[in-house]
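Asker: Please read through the structure below; I'll follow up with questions.
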Amino acid sequence: MKVLLLLVMLTTCAASPQDLSDKIFTFPLRTNTAHVKLITSREDFSAVTVCLRRFRENTIGVRNDLAAFTVPDYTLSTWHSICSTWDSESGLAQLWFDGQPSIRKFVSSGSNFTGHTRIVLGQKLDAQGGDFDIDHTFIGMLYDVHMWDHVLSPCEIQDYVQELNFSPGNVLNWRALEFQIVDKVLIENKKRTCY
């Protein structure tokens, strides 16, 4: 009974918005279960921008199921800012890595992303609604995750990358994030870099 009560309390706490300004998510294990579910009630998107900062020791390209982008000059064991954009009118997606834009690639145009929005950190879904693949596990740290319902301008992306005064995401906001942790993901204090 005590364990059930504790689980209910943890789930309830995790589902209310939390300010994670000085926090990071740490994904320490190679597993096909550990992830963070990000919660939003939004179900219709004609455009999106997602930005986050990540740190990992091994490198792969950044991709979704629709477009793959090669990441230039990926330095291991350091923080990197990544933003991706998509607009349904043009159908173009673009990746911004540490403030540097990729070429824009055609993904899909003429229709919005609609329906239940499932946003997961730390794992890659095999297919929509599918299982997780242990070979696509993220091992590393993430913070400052934001999502907007429009394409940010290059200047807005630069403000995010340089950690200047930027407008937080209007869909997902790291300073008021609703989330649920599943399995072994830690919330830790963000360590300051000393020079």
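Asker: Among the residues of segment 23-72, what is the count of those that are modelled with pLDDT under 70, open to solvent by 70 Å² or more (accessible area, probe 1.4 Å) and small (Gly, Ala, Ser)?
Answerer: Residues meeting the conditions: 0.
Asker: Moving on to the next point. Restricting attention to segment 80-96, report how many residues are open to solvent by 20 Å² or more (accessible area, probe 1.4 Å) and touching a residue at least 40 places away in the same chain (Cβ under 8 Å).
Answerer: Residues in segment 80-96 being open to solvent by 20 Å² or more (accessible area, probe 1.4 Å) and touching a residue at least 40 places away in the same chain (Cβ under 8 Å): 3 in total.
Asker: Against the definition (aromatic (Phe, Trp, Tyr) and open to solvent by 60 Å² or more (accessible area, probe 1.4 Å)), how does Phe138 come out, yes or no?
Answerer: Answer is no for this residue.
Asker: Looking at Gly99 and the list (1) under 17 Å from Thr26 (Cα atoms); (2) in contact (Cβ under 8 Å) with a residue 40 or more places away in the chain; (3) of a type outside the set (Phe, Trp, Tyr); (4) surrounded by fewer than 18 Cβ atoms within 10 Å (Cβ to Cβ), which single condition is not satisfied?
Answerer: Against the list (1) under 17 Å from Thr26 (Cα atoms); (2) in contact (Cβ under 8 Å) with a residue 40 or more places away in the chain; (3) of a type outside the set (Phe, Trp, Tyr); (4) surrounded by fewer than 18 Cβ atoms within 10 Å (Cβ to Cβ), Gly99 comes up short only on (1).
Asker: Would you mind listing the strands (runs of 3 or more DSSP E) fully within segment 91-195 where at least 3 residues are at pLDDT 95 or above and closer than 26 Å to Thr78 by Cα?
Answerer: 92-97, 140-148, 179-182, 186-189
Asker: Let me ask you something else. Inside segment 112-126, can you point out the residues that are in contact with a Ser or Thr (Cβ under 6 Å, 6 or more places away or on another chain) and open to solvent by 30 Å² or more (accessible area, probe 1.4 Å)?
Answerer: Within segment 112-126, Asn112 is the sole residue that qualifies.
Asker: Across segment 168-181, what is the number of residues that are out of contact with any helix residue (DSSP H, G or I) (no Cβ under 7 Å at 6 or more places or on another chain), open to solvent by 30 Å² or more (accessible area, probe 1.4 Å) and more than 11 Å from Leu20 (Cβ to Cβ)?
Answerer: Number satisfying all stated conditions: 1.
Asker: Moving to a separate point now. If we keep just the residues of segment 102-111 that are buried (at least 16 other Cβ atoms within 10 Å of the Cβ) and not basic (Lys, Arg), which is nearest to Pro28 (Cα to Cα)?
Answerer: Per the stated criteria, the residue is Ser102.
Asker: Does Asp98 satisfy being of a type in the set (Asp, Glu), over 24 Å from Asn32 (Cβ atoms) and touching a helix residue (DSSP H, G or I) at 6+ places or on another chain (Cβ under 8 Å)?
Answerer: So Asp98 passes the test.
The values are calculated or read from the model by the stated rules, or taken from the named source; none is laboratory data. No experiment lies behind these values; they were computed from the predicted model shown. When we count neighbours, we look across all protein chains shown, and the Cβ atoms used for this are built from the backbone with ideal geometry, even at glycine. Remember, those area values only see protein heavy atoms, side chains included, never the ligands or the DNA or RNA. Shrake-Rupley method; radii C 1.70, N 1.55, O 1.52, S 1.80 Å.
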